[in-house]
């Protein structure tokens, strides 16, 4: 056992000795004493770097730690942050070194999907608040445990669907709530694009400069593959959630938000398949997913091979009422009456700066209800993506139990989460969290 693994095991044993109830100062007290909110950024290669830069742009926030399994990425980002802020962050390869560091107030998590839930859970258990990129989890079971951890340890946890903080989106929801569309019954979200093919290189030994054991984390043991680690993980069951969990989570989320659908659907079904690409990706390139609510239906359409757009938008959503409809994209909304005349519209930026600011404000106030995409809401949208993928894999219409977050089908329930974890990266069940 390596030194860090031993440290994590000691950490978990100590947690168990006190019933997993950590005796840590509330983040609000730590922030008050230190003035700035100290953030450790975990996963800063691509999207994580963008989000980290947004955090760094806030004068009351300090990037004190940078954690990444790639040595070159860690060093490069450290220099960039030092040049931008004047503060040289501590560079860490293994996130477990961050858990017992009481100087850290919050984690920013932007790793591959298979790490999202575990880092959220461990962060909460260690007394850190967490900003986690979408989707909130790799699967339904892990996401449910992450929500439980946030509640038990009273942590501020926000999912990074940044459009939830964009002013235009709130305007669109308020317009629907005003009754201007009359009775709203259906909504449709979509992604249309021409993606590239995914062809995996031959497996090989892991090169120097990356901790591949850490990269694998809670996923299944597998020989190193440069294509997978380089980004193709997103299209493989063991690590990613397909484009439904990658891009679809945004569109499904703002479609259901404007429709006023604040909880899980009652049922999900999916038609689709790999009809275009003949490559190594495991998820479908074509999907039509239906989400049934008691008096509404939300549909998601995905065409990863098609350049034609819907309503002039490669990605977006439409909400239909008896008296008109609303068209949404990532930065604007437009309302049309029954005859197709534009009656109202609004636009703003995509909301990333406001979303990070919303999280930081909640870290100070300790009011999780002030979050624009609190972990439970983020979990709902993430589960809708996971459920859509499961409906496709089982080829069945599935009923969903909102209390247990299980399906009415044994085969579907077997896909709710992993049954095995690599040693040292186990995710606890809800009774252990």
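Please treat every number below as a calculation from the coordinates, not as lab data. These figures come from a predicted structure and were not determined experimentally. With ideal geometry, Cβ positions are generated from the backbone for all residues, glycine too; neighbour counts draw on all protein chains shown.
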- Item | Cα→Cβ-extended label distance, 7 Å offset, between residue 402 and residue 331, nm | 3.6
- Task: At 0.36 nm per residue, minus the direct Cα-Cα distance, what do residue 431 and residue 87 gain on full extension? Give it in nm, one decimal, please.
- Result: 119.8 nm
- Would you compute, for the Cα atoms of segment 234-275, the largest minus smallest coordinate along each principal axis and list the three values in descending order, in whole Å? 32, 19, 18
- Note on the structure: In degrees rounded to 10, the 0-90 angle between helix 352-365 Cα long axis and the longest Cα principal axis of the chain is 60
- For segment 132-186, what ratio Rg/Rh do Cα atoms give with a Kirkwood hydrodynamic radius? 1.14
- Query: Nearest 10 degrees, 0 to 90: what angle lies between the long axis of helix 167-177 and the longest principal axis of the chain (Cα atoms)?
  - Reply: 50
- Rg from C-alpha atoms of segment 49-140, normalised by the globular rule of thumb 2.2 N^0.38 Å, equals 1.05
- Item | Mean residue ellipticity (222 nm) of the chain, computed from DSSP H runs ≥ 4 via -39,500 (n - 2.57), nearest 500 | -10000 deg cm²/dmol
- Note on the structure: Taking segment 125-269, the whole-percent share of alpha-carbon pairs separated by over 19 angstrom is 66
- Query: Where the Cα atoms of the chain are projected onto their three principal axes, how long is each span, largest first, in whole Å?
  - Reply: 66, 49, 42
- Note on the structure: Descending packing, highest mean Cβ count within 10 Å first, for 161-167, 220-226 is 161-167, 220-226
- Rg/Rh (Cα only; Kirkwood hydrodynamic radius) as it applies to segment 336-412: 1.16
- Hull surface divided by four, with the convex hull built on the Cα atoms of segment 189-341: how many nm²? 11.5
- Item | Descending principal axes extents, segment 187-244, alpha-carbon based, whole Å | 47, 23, 17
- Query: How fast does segment 261-369 diffuse by Stokes-Einstein, in µm²/s, taking the Kirkwood radius from C-alpha pairs at 20 °C and 1.002 mPa s?
  - Reply: 124
- Message: Residues of segment 184-198 with backbone nitrogen within less than 20 Å of a virtual label 7 Å along the Cα-to-Cβ line of residue 276, please, listed as ranges.
- Response: 188-198
- Note on the structure: Computed curve, segment 283-433, Cα-only Debye sum without solvent term, log₁₀ I(q)/I(0) at 0.09, 0.17 Å⁻¹, is -0.45, -1.31
- Item | Counting DSSP beta bridges with both ends in the chain, the antiparallel % (nearest 5) | 60
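Order these peptides, 145-157, 377-389, 361-373, 200-212, by their mean beta-carbon neighbour count within 10 angstrom, highest first.
377-389, 145-157, 361-373, 200-212
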- Query: Relative to the first principal axis of the alpha-carbon coordinates of the chain, what is the inclination of helix 71-85, with its axis defined by its Cα atoms, in degrees from 0 to 90 and to the nearest 10?
  - Reply: 80
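For an R0 of 51 angstrom, estimate the FRET efficiency from the Cβ-Cβ distance between residue 202 and residue 370 and round to the nearest 0.05.
The calculated FRET efficiency here is 0.55.
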- Item | Calculated over segment 95-196: convex hull of Cα atoms, volume per residue (Å³) | 169
- Item | Ratio Rg/Rh [Cα only; Rh per Kirkwood] for segment 229-305 | 1.01
